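**Student:** One structure follows; several queries about it will come next.
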Amino acid sequence: MLNNEILRMLSRVLEADAADVAALARLSGAEADAAEVEPMLLQEGEPGWRECSDAFLAHFLEGLVINQRGRDGSRPPRPIETPVTNNMVLKKLRAAFELHEEDIRAIFEAADAQLSKADLNALFRKPGNKHYRACSDELLEAFIAGMALSGAAGEEEAESP
């Protein structure tokens, strides 16, 4: 999945405009402003579209973690990891919103994606682990859609049954 698609979907879930996305990226040391981010939020092929680099997406995800959980003053800032993989996006979202296994399963279920406990755990393992499973584009898209449906991104609006 293109970094732009991930950035665009997450900005919708978070109800964040280009200025908000730039502010989140700056929290982790990126130099960005709304004018630079706006073209990254466009659909590919639209006039002015610009590719979102792995470095920018990594800064945005790390900034999201910092924004949601606060900065740990007892440790030096974490280095930005690239390239950004779908598994890394899942890990950063889990960390940012302090999601536990049951929360993650509920998010996937909200998007009609069923995962066994073993399959879910495999997504969060290190790539060298024999039980590691790469997260597909479809699975990441389902997770982000499930976040929007379940309100896992901290949205205040709750749908009544």
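**Student:** Just name the residue that is nearest to ILE66 (Cα to Cα) out of those in region 11-32 that are without any contact (Cβ under 8 Å) to a residue 12 or more places away in the chain and surrounded by fewer than 19 Cβ atoms within 10 Å (Cβ to Cβ).
**Tutor:** It comes out as ASP20.
**Student:** I'm checking my understanding of the structure. Among residues of region 107-128 that are over 25 Å from GLU62 (Cβ atoms), outside any loop (DSSP other than H, G, I, E, B) and among the aliphatic types (A, V, I, L, M), which one is farthest from the chain's Cα centre (by Cα)?
**Tutor:** Taking the candidates together, the pick is ALA118.
**Student:** How many residues does region 69-87 hold that are surrounded by 17 or more Cβ atoms within 10 Å (Cβ to Cβ) and at pLDDT 95 or above?
**Tutor:** Final tally of qualifying residues: 3.
**Student:** Can you find, within region 127-153, the residue that is modelled with the lowest pLDDT among those that are surrounded by fewer than 18 Cβ atoms within 10 Å (Cβ to Cβ) and more than 18 Å from MET1 (Cβ to Cβ)?
**Tutor:** Out of the qualifying residues, it is GLY151.
**Student:** Among the candidates GLU44, GLU38, single out the residue that is loosely packed, with under 12 Cβ neighbours inside 10 Å and charged (D, E, K, R).
**Tutor:** GLU44
**Student:** It is to be established whether one or more residues within region 65-84 are on the phi < 0 side of the Ramachandran plot, in contact (Cβ under 8 Å) with a residue 60 or more places away in the chain and assigned to a loop (DSSP other than H, G, I, E, B).
**Tutor:** Yes, region 65-84 contains a residue that is on the phi < 0 side of the Ramachandran plot, in contact (Cβ under 8 Å) with a residue 60 or more places away in the chain and assigned to a loop (DSSP other than H, G, I, E, B).
**Student:** Turning to a different aspect of this structure: Residues of region 88-126 being within 23 Å of LEU14 (Cβ to Cβ), surrounded by fewer than 13 Cβ atoms within 10 Å (Cβ to Cβ) and of a type in the set (D, E, K, R), which ones?
**Tutor:** GLU98, GLU101, GLU102, ASP112
**Student:** Output the residues belonging to region 1-36 that are touching a Lys or Arg at 6+ places or on another chain (Cβ under 9 Å) and either part of a helix (DSSP H, G or I) or of a type in the set (Ser, Thr, Tyr) (or both).
**Tutor:** ASN4, LEU27, SER28, GLU36
The values are calculated or read from the model by the stated rules, or taken from the named source; none is laboratory data. These numbers come from a predicted model, not from an experiment. Cβ sites come from the backbone with ideal geometry, for glycine too, and all protein chains shown count toward neighbours.
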